[in-house]
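Working notes, structure below.
Just so it is clear, none of the values below were taken in a lab; they were calculated from the coordinates. Keep in mind it's a predicted model, so treat the numbers as computed, not measured. Cβ: placed from backbone, ideal geometry, glycine included. Neighbour counts: every protein chain shown.
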Amino acid sequence: MDDRAIGIFDSGLGGLTVVRELVKRLPNEDIVYFGDTGRIPYGTRSRETIIKYAEQDVKFLQQHNVKCVIAACGTVSTVLPTETYNKFGVLYTGVVEPAVQAALRITSGKIGIIATEAAVRSGTYEREIYKTNEKTKVFSKGCPLFVSLVENGFTARNNEIAVLTAREYLTPLKNQGIDTLIMGCTHFPILRDIIQDCIGDGVRLIDPGLETARHIEQILKKENLLKIAAEHETGGKHSFYVSDSAEQFLENARVFLGGDITGTYEQIVL
Ligand code: DGL
């Protein structure tokens, strides 16, 4: 058993889709979240810059004495894959492996990947798929505008700008006849309905937040690192930190969490 908090970070709000799933699965766990809202997006930056930012994010979480760190950001997960965790001296996971394994369990052989430009450029999702099954056909598409749509609240199912953007991005993947689509950026599940409408009901969508929450639950169980709540406790403590306005964060967080944030929130300087 381990009472320390689970550390989670993202370039902004997308990682809250992992928080949402984690709270459902492990309600007693304490969570420390960092959203680098002052420097989002990461996905349009160079590999070196993304690594530099991610290392600062991990360091910040480690200062909070967390028992593990989740890179709840598709972009970071592709440039700092799970095998780099030794570098941080802390149990570390990204979203790539859990999402890929979930896709491979259900695909009939044609997987689509949508992610940020940097994530697609890295080729990490493809490599991870080919490691398990090199016969799978993989089609990737960078969808950077999805991040801005989500951060700016253009997420309603009938939002014309969002629908047009989705059509533009997803039509080539649809034409390839994919059967499974990995939403390889943690912002994208917020556009799930729009994405499903555009790609068609026959394509199964993989949510990296959901799969990563499942994955970390299994690891914590296996390593005997779950928190055992005291009898009077009604749920874990949640602390949210951001590098831009905390009030703005509070407003937008509701969409990602599917409800109000429970816990403290604060703007910090890294
Ligand atoms: N949540 C990040 C990701 O999964 C957002 C994208 C960005 O910072 O560009 O890639």
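Database remark: amide H of Leu205 closer than 5 angstrom to the amide H of Leu181 (H placed geometrically; neighbours at sequence offset of 5 or more, or on other chains; Pro and chain starts carry no H).
First check a/c for region 137-214, with a ≥ b ≥ c the square roots of the eigenvalues of its C-alpha gyration tensor; if it is under 1.5, answer rounded, and if not, answer prolate when a/b is larger than b/c or oblate otherwise. Please list the in-between numbers first.
Details: a/c = 1.63, a/b = 1.11, b/c = 1.46.
Oblate, because a/c is 1.5 or more while a/b does not exceed b/c.
Helices in the chain, meaning DSSP H runs of at least 4 residues, each add -39500 (n - 2.57). Divided by all residues, the mean residue ellipticity at 222 nm is -13000 deg cm²/dmol. Would you tally the net charge around Gly236, using a Cβ to Cβ cut-off of less than 9 Å, leaving Gly236 out, and scoring K and R as +1, D and E as -1? Here the count lands on -1. Placing pseudo-labels 7 Å out from each Cα toward the beta carbon at Glu251 and Leu145 gives an inter-label distance of 2.4 nm.
Between His187, His64, His238, the GNM of the chain built on Cα springs shorter than 10 angstrom shows His64 fluctuating the most.
Near the amide H of Gly236, within less than 5 Å, lie the amide hydrogens of Asn28, Glu29, all on another chain or at least 5 residues away, with H placed in the peptide plane.
Between the Cα long axis of helix 96-106 and the first principal axis of the chain there is an angle of about 50°, rounded to the nearest 10. Residues in region 45-58 carry Karplus couplings, in order, of 9, 6, 3, 4, 5, 4, 5, 4, 4, 5, 5, 5, 5, 5 Hz; the curve used is 6.51 cos²θ - 1.76 cosθ + 1.60 with θ = phi - 60°, and Gly or Pro positions show x. Taking the chain as a Gaussian network of alpha-carbon nodes connected by springs under 10 Å, the highest mean-square fluctuation of the residues Gln196, Gln218, Gln62 belongs to Gln218. Which parts of region 53-72 would a label at Glu233 reach, counting a residue when its backbone N lies under 16 Å from a point 7 Å out along Cα-to-Cβ? Within reach of a label on Glu233, which here means backbone N under 16 Å from a point 7 Å along Cα→Cβ, region 53-72 contributes 65-68.
Any chance you could run the full-extension gain for Thr44 through Met1? It's 0.36 nm times the residue separation minus the Cα-Cα distance, nm to one decimal.
On the way: separation 43, 0.36 × 43 = 15.48 nm, distance 3.96 nm.
Gain on stretching Thr44 to Met1: 11.5 nm.
Panel note: the C-alpha atoms of the chain, placed on their principal axes, show extents of 53, 39, 38 Å (largest first). Each residue of region 127-136 was assigned a 3J(HN,Hα) from its phi angle through the Karplus curve 6.51 cos²θ - 1.76 cosθ + 1.60 (θ = phi - 60°); the sequence is 4, 5, 5, 5, 4, 8, 8, 6, 8, 5 Hz, with glycine and proline shown as x.
Cα-based values for region 149-270, radius of gyration first and Dmax second, are 18.2, 55 Å.
In plain terms, if you count all Cα to Cα distances in region 132-172 and split them into 5 Å steps from zero, the share in each step is 5, 21, 25, 18, 10, 9, 8, 5 percent.
Phi angles across region 257-270 convert, under the Karplus curve 6.51 cos²θ - 1.76 cosθ + 1.60 with θ = phi - 60°, into 3J(HN,Hα) values of 8, x, x, 5, 6, 10, x, 8, 9, 7, 8, 10, 10, 6 Hz, Gly and Pro given as x.
How much FRET efficiency would the formula 1/(1 + (r/R0)^6) give for Asn158 and Lys221, where r is the Cβ-Cβ distance and R0 is 30 Å, rounded to 0.05?
Working: r = 41 Å, r/R0 = 1.38.
Calculated transfer efficiency: 0.15.
Determine the shape class of region 189-250: with a ≥ b ≥ c the square roots of the Cα gyration tensor eigenvalues, call it rounded for a/c under 1.5, and otherwise prolate if a/b is greater than b/c, oblate otherwise. Mind showing how you got there, number by number?
On the way: a/c = 2.86, a/b = 1.41, b/c = 2.04.
The shape class here is oblate.
Residues whose amide H comes within less than 5 Å of that of Cys68, counting only those at least five positions distant or on another chain, are Gly7 (H built at 1.01 Å from N in the peptide plane).
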